[in-house]
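First the structure, in the form of structure tokens, and then the observations on it.
Values in this text are rule-based calculations from the coordinates and carry no lab data. Treat the numbers as computed from the prediction; the structure is a model and nothing was measured. Positions of Cβ are backbone-derived with ideal geometry, glycine not excepted, and every protein chain shown enters the neighbour counts.
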Amino acid sequence: MEKLLAILRDINPDNDYESADHLIDQGLLDSFAILELVSNLEDAFGISITATDLVPANFNSAAAMWAMIQRLSKD
Amino acid sequence: MKYTSLFYLTLFLPLTLLAYQLCPQRHRWVVLLTASYFFYFMASLTLILYLWASTLCVYAVGLGMGRCDPLTHGRKRLLVWIGVGVHLALLAVLKYGPFIAGVANDVLALWPAAPHLPVFKLAVPAGLSFFSLQAISYLADIYQGRTKADTNLGRVALYMAFFPTIIEGPICRYEPTAAALYAGQPLNHHDIAYGSQLLCWGLFKKMVIADRLSPLVNNLFKNPAESGGVLAVLAAVACTIQLYADFSGCIDISIGTAQMFGITLPQNFRQPFFSTTVTEFWRRWHITLGTWLKDYIFFPLSMSPRIKALGRRAKQRHGRRFGQIIQAIIPLLAVWMANGIWHGAGWNYLFFGAYYFVLVMLGLIFEQPLETLAARLHIDRKAWPWRALQMVKMAVIVLVGELMFRASDVASGLAMLRSIFTGWDWKMLTDGTLLQHGIYGNDYMVLLAAGVIMLAVDICHEAGISLRDWAARLRLPIRWTLYVTLILLVVIFGAYGEGYQPVDPLYANF
Amino acid sequence: MRINKNIVKSVSFVVLTVAIIGLLTPVLAPTKVFNGVMDEPDGSLQYVAFGDSECNAGFSPMEIWKDYGFAGYNCGVSAQRIQDTYYLVDKVLEHQQPQAIFLETNLIYRHMLTVDEVQASYQHLVERMLPALRFHARWKQLLDPLAKSDGRDALTAMLKGMRFKTDEKGYSGGPYATPTDQRQRIGILQRMYLDRIVKLCRSKGITLILYASPSPACWNMQRHNGLADYAKDNGLSFIDMNLDPSAYGIDWSQDTYDGGDHLNFFGATKVSRYLGSYLRDKSGLTDRRGQPSYEQWERTLDDYLKKTKDVKAK
């Protein structure tokens with residue numbers, strides 16, 4: 001989880017990832033940030049994220065992202 | 001039938017609301033569907049067959065995909081491409097046929113013996129570009145598992161045909177719109193009141209501002225050679241304000257109408273002229289098109305294995321930044337070309353797409369260097385002086401883009417831009433030239449006053465103030481005076497009927 | 001009950017708004033409505049011409065006054081539907097008792113798609129109930145007496161309703177009256193209103209004269225046949241000037257302003273000269289020149305001659 005937060009802060013330090021839960025809905029992470037995020041997450045956690053996973057439910061909060069990472073790691 | 005006609009506002013809409021409310025809940029969707037088909041028939045007559053064909057196509061293909069075994073990925077992919085392909089083919093033939101044939105003929109003309117392709121222009125059903133996007137989004141959502149295929153043909157049909165959205169959008173997604181449309185919630189006073197207020201505001205923007213600018217814009221762009229210098233700037237400003245007032249006005253009418261039925265449609269405009277960057281502008285202008293392109297072109301492309309691999313290699317060689325840029329180029333190019341041609345069949349639309357593609361790429365490439373530079377010069381990029389400067393920069397960018405968009409072709413658009421520098425004459429502002437292009441002194445006065453009102457409302461919205469809430473808290477006599485005044489402003493100052501030239505909605509040809 | 005209270009509130013609001021719009025009517029209702037015909041003294045007009053833009057741009061009452069001393073008005077309205085012509089005739093006859101009415105026949109074949117017809121009829125119905133919706137643009141005249149439209153109003157009044165077009169864009173397509181036995185049928189709705197106009201004129205003892213202004217772009221022999229049949233069936237005169245425009249002096253190189261769709265001022269004078277002679281020969285109108293109540297016509301004639309002197313055809 002710490003690794004995830006570090007990656008997030010690296011991409012966009014302005015957001016408060018501990019409490020924010022509408023990162024996508026409120027546009028706090030834009031499309032390019034998502035691109036970079038996906039690339040870094042794939043490298044850091046050895047998972048493969050596809051377009052199907054790119055839904056707000058998976059990216060609106062750090063917790064949601066962590067859940068997705070766990071899920072994808074199992075496959 | 002037009003959203004601004006007396007027939008729609010005082011007959012069709014009230015009768016539909018009445019029928020909806022009197023109908024039992026489980027059949028209310030039938031009222032909406034019937035009304036939608038009636039509306040569409042009045043607008044496009046027999047072309048409704050295309051809408052029906054499109055609806056049946058997505059219904060059948062959707063069900064086919066739903067029945068696919070999750071493991072037979074190949075079959076599912078074939079189906080989705082058939083469904084999408086049918087709609088793209090429809091668009092290609094109906095909307096782009098003449099343009100493609102024209103270009104092909106120009107190329108073929110290079111070989112003297114080559115045949116000449118026939119160019120036939122077919123009638124285009126209203127809203128084709130909008131309901132095609134909705135159809136494709138439904139199929140893509142099923143394919144990617146975002147939604148389940150719907151076995152209920154009525155619900156699918158209503159999603160495709162809902163009369164407030166079919167002509168000009170907003171482009172809605174299957175979830176949650178289809179369910180909301182089908183639910184048949186009873187009308188309630190709050191939604192009817194708020195919805196009709198938003199509708200009146202939309203009418204104000206469209207009829208007092210946009211329709212009043214129409215003769216001026218038409219005049220200036222019809223004779224580009226005579227619209228140089230000051231007039232070129234006027235043309236850019238006028239066509240931009242006209243487009244914003246027309247499109248956001250019609251959208252407000254649509255969202256307001258839907259709200260009267262208790263249905264919430266997605267926002268399509270969010271005070272776009274307060275943007276400080278190009279990407280921000282496109283998150284505030286024609287929002288539903290932007291999110292459609294993002295979800296169905298940008299992410300699928302940029303997340304595809306090949307593009308991801310490209311990006312990864314670039315990242316390994318030259319760092320994160322470069323990797324991100326390389327990964328984004330092809331998807332962005334696809335998005336902007338799609339944006340351009342979606343708007344119309346013409347080189348100026350492609351130019352428009354290319355223009356923003358270049359600007360977005362530049363923004364992406366120079367984001368980091370600019371940030372470092374600003375930090376070194378101790379410029380606070382969040383403070384209002386910088387942001388104001390950025391808004392002015394954005395205004396110029398948007399004005400240039402809209403001028404090219406509206407010009408009859410790329411050459412005349414560029415000529416008008418050039419003339420701003422070569423043919424500038426301050427005298428044109430005062431010697432009466434401005435009054436010789438279709439609108440007169442009193443029109444300019446109305447435009448100024450109405451423009452100020454529109455700006456004030458947008459400022460309130462940007463600050464998060466809900467004007468409808470604020471008005472609702474006023475005492476009844478004051479509140480009613482406000483509402484009646486808005487309606488009177490539309491009735492008296494609307495540019496309709498005698499003394500004005502008839503106007504076609506700008507986005508209705510799409 | 002709360003629901004009832006809301007319904008009462010909503011209905012009252014709508015009623016209030018409609019009432020206020022209704023109250024705007026006297027404020028906004030124009031003085032120069034219907035081409036200015038309402039400014040003519042009651043009972044002073046000996047003939048009135050109705051039709052669409054073929055009439056509006058192609059009929060010059062002052063020319064007829066000049067040559068024959070007959071006082072009449074041009075009530076042609078661009079793109080008018082025959083339904084509205086009927087209501088206009090009715091309205092004008094509330095104040096005038098002409099001996100003859102000319103009806104330019106192009107609008108009889110103005111046919112809209114049924115869906116557009118339905119919407120247009122509804123719109124005109126509402127506008128008749130709330131005239132403010134129709135004349136709302138007159139705030140411009142109210143605020144600024146020198147506003148552009150008023151300038152046009154004075155000219156229209158001087159020309160007794162005619163639209164003044166002096167541009168020349170000739171028609172060069174040659175003879176266009178190709179003989180045929182086919183007939184273009186008059187639409188059901190259009191026939192209904194035409195019948196009503198015929199009946200209205202008959203009930204008031206007014207001679208209704210159908211005429212077709214020369215127009216290669218709008219006219220064809222099928223329409224002629226259809227109209228000739230109707231005229232015969234109803235005992236009406238039908239002057240079709242398309243059969244031989246040169247007989248009236250029409251010169252297609254200079255008498256049209258849009259390539260053969262409408263006549264310009266020069267063509268209008270020729271048509272009017274003929275129709276004036278028709279009135280003299282067939283309708284027993286009396287020359288009103290010299291009569292004290294028609295003095296303004298003499299003054300208007302001076303202005304008319306002054307205005308048209310500078311635009312004489314080559």
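Measure out, as a whole number of angstrom, how far apart the alpha-carbon centroids of chain A and region B:407-469 sit.
43 Å
Which aspartates and glutamates have a Cα lying under 16 Å from the Cα of B:LYS308, excluding residues fewer than 8 positions away in the same chain?
A:GLU36, A:GLU42, A:ASP43, A:ASP53
Apply the Karplus curve 6.51 cos²θ - 1.76 cosθ + 1.60, θ = phi - 60°, to the phi angles in region B:277-290 and return the couplings in whole Hz, x for Gly and Pro.
3J(HN,Hα) across region B:277-290, in whole Hz: 9, 5, 5, 5, 4, 6, 9, 10, 10, 6, 3, 5, 5, x.
If you put +1 on each Lys and Arg Cβ and -1 on each Asp and Glu Cβ, how big is the dipole of the protein assembly as shown around its Cα centre, in Debye rounded to 20?
1340 debye
With each pseudo-label sitting 7 Å past Cα toward Cβ, what's the B:ASN105-B:LEU187 distance in nm, one decimal?
5.2 nm
If the elastic network links every pair of Cα atoms under 10 Å, which of C:THR105, C:THR300, C:THR178 fluctuates the most in the Gaussian network model of chain C?
Ranking C:THR105, C:THR300, C:THR178 by mean-square fluctuation puts C:THR178 first.
Name the helices (complete DSSP H segments) of chain B with a Cα length along the long axis of 27 Å or more and a Kyte-Doolittle mean of at least 0.0, or state none.
Qualifying helices, which must be both long enough and hydrophobic enough, are B:48-67, B:73-94, B:230-260, B:320-343, B:347-376, B:384-406, B:441-462.
Around B:MET65, under 13 Å between beta carbons, what's the net of Lys plus Arg minus Asp minus Glu among the other residues?
+3
Give the span of region C:32-309's Cα atoms along each principal axis, as three whole-Å numbers ordered largest to smallest.
Taking the Cα atoms of region C:32-309, the three principal extents are 52, 43, 39 Å.
What residues qualify as long-range amide H neighbours of C:TYR73, i.e. H under 5 Å apart, gap of 5 or more or another chain, H built at 1.01 Å from N?
Distant-sequence amide H within range of C:TYR73: C:TYR47, C:VAL48, C:ALA49.
For A:TRP66, B:TRP292, B:TRP384, B:TRP29, which order do you get if you count the other beta carbons within 10 Å of each Cβ and list the fewest first?
Starting with the residue having the fewest Cβ neighbours, the order is B:TRP384, A:TRP66, B:TRP29, B:TRP292.
Under the rule a/c < 1.5 gives rounded, and otherwise a/b versus b/c splits prolate from oblate, where does chain B land using the Cα gyration tensor?
Cα axes put chain B in the rounded bin.
Counting other C-beta atoms within 10 Å, which of B:TYR159, B:TYR182, C:TYR278 has the fewest, and how do the rest follow?
Ordered from fewest to most neighbouring Cβ atoms within 10 Å, B:TYR159, B:TYR182, C:TYR278 come out as C:TYR278, B:TYR182, B:TYR159.
Quick one: which of C:LYS282/C:LYS306; C:LYS165/C:LYS204; C:LYS91/C:LYS199; C:LYS165/C:LYS306; B:LYS222/C:LYS169; C:LYS91/C:LYS306 span more than 24 angstrom between C-alpha atoms?
From the list (C:LYS282/C:LYS306; C:LYS165/C:LYS204; C:LYS91/C:LYS199; C:LYS165/C:LYS306; B:LYS222/C:LYS169; C:LYS91/C:LYS306), the Cα-Cα distance tops 24 Å for C:LYS282/C:LYS306; C:LYS165/C:LYS204; C:LYS91/C:LYS306.
Using the 10 angstrom Cβ neighbour count as an exposure proxy, how do B:HIS343, B:HIS116 rank, fewest first?
Fewest to most other Cβ atoms nearby, the residues stand as B:HIS116, B:HIS343.
If you wrap a convex hull around the alpha carbons of region B:204-295, what volume per residue comes out, as a whole number of Å³?
121 Å³
Count the net charge of all other residues whose Cβ sits under 9 Å from the Cβ of B:ARG381, scoring Lys and Arg as +1 and Asp and Glu as -1.
On the way: positive: B:LYS382, B:ARG387; negative: B:GLU371, B:ASP380.
Charge balance in the 9 Å sphere: 0.
Taking chain C as a Gaussian network, Cα atoms linked when under 10 Å apart, which of C:GLN97, C:GLN190, C:GLN296 shows the biggest mean-square fluctuation?
Of C:GLN97, C:GLN190, C:GLN296, the Gaussian network model singles out C:GLN296 as fluctuating most.
Does region B:6-186 come out rounded, prolate or oblate, given a ≥ b ≥ c as the square roots of the eigenvalues of its C-alpha gyration tensor, rounded meaning a/c under 1.5 and, failing that, prolate meaning a/b above b/c?
Oblate, since a/c reaches 1.5 and b/c is not below a/b.
Apply the Kirkwood formula to the protein assembly as shown: the hydrodynamic radius equals the inverse of the mean of 1/r over all pairs of different alpha-carbon atoms; give it in Å with one decimal.
On the way: mean 1/r = 0.0316 Å⁻¹.
About 31.7 Å, per the Kirkwood formula over Cα pairs.
Pull out the extension gain between B:TYR440 and B:GLN25, defined as 0.36 nm times the separation in residues minus the alpha carbon to alpha carbon distance; nm, one decimal.
Length difference between fully extended and current span is 144.2 nm.
Just name one of B:ALA449, B:ALA395, B:TRP347: the one whose Cα is farthest towards the positive end of the charge dipole of region B:344-453 (beta-carbon charges, Lys/Arg +1, Asp/Glu -1).
The residue sitting farthest along the positive end of the dipole is B:ALA395.
Answer with one residue from B:TRP470, A:ILE49, B:PHE41: the one whose Cα lies farthest towards the positive end of the charge dipole of the protein assembly as shown, charges on Cβ with Lys, Arg +1 and Asp, Glu -1.
Highest projection toward the positive end goes to A:ILE49.
So which residue, out of C:PHE13, C:PHE164, C:PHE135, gets the largest mean-square fluctuation from a GNM of chain C using Cα contacts under 10 Å as springs?
It is C:PHE13.
Give the relative contact order (percent, whole number) for region C:60-209; include only Cα pairs under 8 Å separated by 6+ residues.
Across region C:60-209, relative contact order equals 46 percent.
Restricting the calculation to Cα positions, tell me the Rg (one decimal) and the Dmax (whole number) of region C:1-146 in Å.
Taking only Cα atoms of region C:1-146, I get Rg and Dmax of 19.6, 75 Å.
Quick one: if you stick a label point 7 Å off each Cα along the C-beta vector at B:LEU414 and B:VAL358, how many nm between them?
1.0 nm
Below 8 Å between Cα atoms, with a sequence gap of 6+, how large is the relative contact order for region C:32-309 in percent?
Across region C:32-309, relative contact order equals 28 percent.
Give the long-range amide H neighbours of C:TYR211: residues separated by 5 or more places, or on another chain, with amide H under 5 Å away, using H modelled in the peptide plane at 1.01 Å from N.
C:LEU103, C:GLU104, C:THR105, C:ILE239
Step through the residues of region C:134-139 one at a time and calculate ³J(HN,Hα) from phi using the Karplus curve (6.51 cos²θ - 1.76 cosθ + 1.60, θ = phi - 60°), rounding each to whole Hz and writing x for Gly and Pro.
For region C:134-139, the Karplus-derived couplings read 7, 9, 4, 6, 6, 4 Hz, x marking Gly and Pro.
With angles folded into 0 to 90 degrees, how steeply does helix C:148-158 sit against the dominant principal axis of chain C? Use alpha carbons for both and round to 10.
On a 0 to 90 degree scale, this one is about 50.
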